[in-house]
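Worksheet: the structure to be examined is printed underneath.
Nothing in this text is a laboratory measurement; each read-out follows from the coordinates by a stated rule. Quick caveat, the model's predicted, so the values are computed rather than measured. All Cβ positions, even for glycine, are placed from backbone atoms using ideal geometry, and neighbour counts span all protein chains on display.
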Amino acid sequence: MTVPVRFEPEALDELETAYVMYQALAPGLGDRLRDEVASRVQVISEYPLAYPEWESPARRTTLARFPYSIFYRVYETEVRILAVLYARLDPAEIMRRVLG
């Protein structure tokens, strides 16, 4: 059974910023980033608890080919993508973005 996945507006902005940056580096690279994110989101939709808790209640998965992490939270009826962040970002900034 799949669970609906919804991106928070800030997470969509972060993904779009990364997409634009990678597309500027090499045409098609941003598309590969989006494809990898889509693949992880599919797994999250099918198996919301597959990835470990990062800082309760948020969970995290890292991308294989890009230095980004997807942070999300599982609710009863949906999953919300909270952030798509550069993995080498200051930990305090990650905490602020993900946990508020």
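Some points to look at:
- With Cα atoms, 0 to 90° folded angle of helix 29-46 axis to the chain main axis: 10 degrees
- Built amide H within the under 5 Å cut-off of Val3, gap 5+: Glu46
- Angle in degrees between helix 9-25 and the longest Cα principal axis of the chain, rounded to the nearest 10: 30 degrees
- If R0 equals 22 Å, the separation of the Cβ atoms of Glu36 and Asp90 corresponds to a calculated FRET efficiency of about 0.40.
- For Val43, net neighbour charge (Lys/Arg +1, Asp/Glu -1) across residues whose Cβ lies under 12 Å away: 0
- Between the entries (i) 1.30; (ii) 1.03; (iii) 1.12, the label attached to Cα Rg over 2.2 N^0.38 Å calculated for this structure is (ii).
- The GNM of the chain, with springs linking C-alpha atoms under 10 angstrom apart, assigns the highest mean-square fluctuation among Ala18, Ala38, Ala26 to Ala26.
- Inter-label distance for Ala26 and Arg65, nm, one decimal - labels placed 7 Å from Cα along Cα-to-Cβ: 0.9 nm
- Centre-to-centre separation between the Cα atoms of the stretch 67-91 and those of the stretch 36-53: 11 Å.
- Taking the stretch 38-57 and a reference point 7 angstrom along Cα→Cβ of Val5, the backbone N atoms nearer than 13 Å belong to 38-51.
- The H on the amide N of Trp54, modeled in the peptide plane, is under 5 Å from the matching H of Arg59, Arg60, each at least 5 residues off or on a different chain.
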